[in-house]
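This report concerns only the one structure given below.
The values are calculated or read from the model by the stated rules, or taken from the named source; none is laboratory data. Because the structure is predicted, anything quoted here is derived from the model rather than measured. Neighbour counts are summed over all protein chains in view; Cβ atoms, including those assigned to glycine, are modelled from backbone coordinates with ideal geometry. All accessible areas refer to the heavy atoms of the entire protein, side chains included, with ligands and DNA or RNA removed. Shrake-Rupley method; radii C 1.70, N 1.55, O 1.52, S 1.80 Å.
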Amino acid sequence: MEKQVIFERLARIRNDVGRLEQKLEALQTRGLPIQGTEYPKLILDTALLAERTACSIRNLVFDTDLLPRQKFLLQSAHAQGIQVSHSDGIVTIRLPGLLPKRSSRINTAFLTEPLYACLEEYEKEHALPRYHSCVVCFLHIYDCTLPSRRIRDYDNLECKQLLDTAAAFLMTDDSGLLCDLYHTTLSGSEDYTMLIIMNKNRFPSWLEGRKEHENGSETISDY
C-alpha cells in the first residue's frame, strides 16, 4: 500500500480518536445520574464511534499485511472475550453485551468478523453439530450494580447479524420454520451475552434446568 494512502487513513483515524476523546470528556463533564435522553444518546454515539474506529484500524492491519487476517481476528475475539464451547449437543457462545441496532454494516463487523473466525478455528478441532430444527437462546446479562433502565427491548438489540454468523456453521436454515428464538434478561457481575443453540427437543429440559439454577432470581423472558 502506498505510504500516502496509509498516512491519509491514519489522519482520518486520528481525527476519529480526537472526536472520541471529546465525547468521553463530555460524558465525564455532564456526570451522573443519567437523565432524559441526551446522556444515553451520547453514550451510544461514543460507543459506536469507538467501534468504527476499531474497525478502521483493524482494516489497516489487513491492508498493510502486518498480520494474517485469521490470526488477527482470533486475537480480536480473545480480546473481546468471545468463547465457543460444545457439550452434550449444545453449543454455547459467549459474547460482549450487545448494543442497539446500528445503521452501518461496519459496526456489526466489530463482533461478527471475530465471531466467524472463532467458530472457524473451533470447527477445525471439534465436530460441531449441524442443527436442522433448533432453538436459539439469547441470554442478556446486565451488570447488577448499574441502573435497570439500561435494559433494552429484545427487538432493539443487534442479534440478527450474530445469528446469521452462527447459522453459517451450525444450522441448515435459520428460518422461522426451523429456528425458534428465546430471550431472557439476567443480572450478573458484568455485561455480556450468551448465545446457546440446541435441538428443539432439548429445550424444555434445558429451560427447566435454567429455572432451577437461577433459584428464583429476577428474570424477564420472552419466547
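Laid out as a table, the results:
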read-out: Greater than 29 Å apart at Cα, pairs in LYS41/LYS200; LYS41/LYS160; LYS41/LYS211; LYS41/LYS71; value: LYS41/LYS200; LYS41/LYS211; LYS41/LYS71
read-out: LEU178 long-range amide H proximity, modeled H, under 5 Å; value: none
read-out: Rounded to the nearest 10 Å², the accessible area of PHE72 at probe 1.4 Å; value: 50 Å²
read-out: Summed residue charge, Cβ within 14 Å of PRO129's Cβ, Lys/Arg positive, Asp/Glu negative; value: +1
read-out: GLN83-GLU25 pseudo-label distance in nm [points 7 Å out on the Cα-to-Cβ vector]; value: 3.9 nm
read-out: Volume per residue of the C-alpha convex hull in the range 39-93, rounded to whole Å³; value: 103 Å³
read-out: Where ARG130, ARG14, ARG19, ARG210 fall by accessible area, highest first, once all protein chains stay in place (1.4 Å); value: ARG14, ARG130, ARG19, ARG210
read-out: Distance-filtered residues of the range 179-213 - backbone nitrogen under 19 Å, label point 7 angstrom along ALA127 Cα→Cβ; value: 198-199
read-out: Per-bin percent of Cα-Cα distances, the range 105-156 [5 Å]; value: 4, 13, 12, 18, 22, 16, 9, 6, 1
read-out: Potential extension, LEU67-ASP191 segment - 0.36 nm per residue separation minus Cα distance; value: 41.6 nm
